[in-house]
Amino acid sequence: MVSVEVKQELAYARWESATWADYQRLRDDPTIERVQLFFAHNRLLVENMGWEGILHSEIRELLSAVLTLWLLRHPDMKSKLLGSCLMEREGLQAAAPDIALYMGECLPQYQASRRVDLNQCPPPALVVEVADTTLDSDLDQKKHLYAALGVPEYWVIDAQGGRVFMFTLAEGSYQRVENSATLPGVTAALLEATIAQAQSGTNIAAAAWFAQQLS
């Protein structure tokens, strides 16, 4: 059982043995705020976003802007962006990605639950994780988790190194690619160049530069 006493020890990318009931207790604890929860194969990860650093925040907002700019150029595509929203497949898996892009007719809507029920709604078309201190987990356990959830495309952004790892789902596992299948015209190289613009200036200037590359 995950107890109140170990909440702080669970913060920042350490997967712990746990049951689904442990996950539910932590998820529903009203004293816990601003955490992202992940659960798979009877292991639980808590990322305490109350400690989010400037670099992680800056790059995450840049990626949100990049996705928004691309989507604004394709208004015919029905889409929705969510940040850190908890999605669950009851009893099996849970995740709260930094960014989730939903596309198509079945978009998650707020109803009785604050969470996305993946038994009722398809998984997002794209998940983005920004790694400041969590790169190993994002490229290992989380990658396997999103593959199990059936997320077609997964990006890991190495905020410190300025690298972009882009994966597409093929026969149940992720294969690394250089071109996005979800967002035609967006490549890992273009995203890395956009991050480099932010590193030498600001994320707003970098987003404006990205928009120019789409012209």
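The values are calculated or read from the model by the stated rules, or taken from the named source; none is laboratory data. Because the structure is a prediction, the values reported are computed rather than measured. Here the Cβ is made from the backbone with ideal geometry for all residues, glycine too, and neighbour counts use every protein chain on show. For the accessible areas, the whole protein counts, side chains as well, though only heavy atoms, and no ligand, DNA or RNA atoms are used. Shrake-Rupley method; radii C 1.70, N 1.55, O 1.52, S 1.80 Å.
For the reader, a short list of remarks on this structure follows.
- Here E90 and T133 are evaluated by their C-beta separation; at R0 = 41 Å the FRET efficiency comes out at 0.85.
- Normalised by the number of residues in the chain, the average gap of Cα pairs under 8 Å and 6 or more apart makes the relative contact order 15 percent.
- Distance between modelled label sites at W209 and N119, nm, 7 Å Cα→Cβ extension: 4.7
- Taking trypsin sites (Lys or Arg not before Pro) across the stretch 17-63, the ones in a DSSP loop with at most 12 further Cβ atoms lying within 10 angstrom of their Cβ are R34.
- Distance from the stretch 153-167 to the stretch 181-199 (C-alpha centre basis), Å: 10
- Top positive-direction residue, dipole computed over the chain with Cβ charges, set A148, Y174, H74: H74
- Cα-only Debye scattering, the chain: base-10 log of I(q)/I(0) at q = 0.15, 0.18 Å⁻¹: -0.97, -1.37
- By accessible area with a 1.4 Å probe, ligands and nucleic acids excluded, highest first: order of K78, K143: K78, K143
- Largest to smallest accessible area among W15, W209, W51 [probe 1.4 Å]: W51, W209, W15
- Using a probe of 1.4 Å on the protein chains alone, the accessible area found for C85 is around 40 Å².
- Neighbour cut-off at most 10 other Cβ (10 Å), DSSP loop, GluC sites (Glu not before Pro), the stretch 36-82: none
- E105 - accessible surface, heavy atoms, 1.4 Å probe, Å² rounded to 10: 150
- Against the chain, whose longest principal axis is taken from its Cα atoms, helix 188-200 shows a tilt of about 90°.
- Two-site label geometry, A21 and I54: point separation in nm, points 7 Å out along Cα→Cβ: 4.6
- Where only DSSP H runs of four or more residues are counted, the chain gives -9500 deg cm²/dmol as its mean residue ellipticity at 222 nm, each run worth -39500 (n - 2.57).
- Over the stretch 81-197, relative contact order from alpha-carbon pairs under 8 Å, at least 6 apart, %: 18
- Accessible-area order (highest first, 1.4 angstrom probe) of the listed residues D28, D98, D76: D76, D28, D98
- Charge dipole (debye, nearest 20) of the stretch 113-215; +1 at Cβ of Lys and Arg, -1 at Cβ of Asp and Glu: 220
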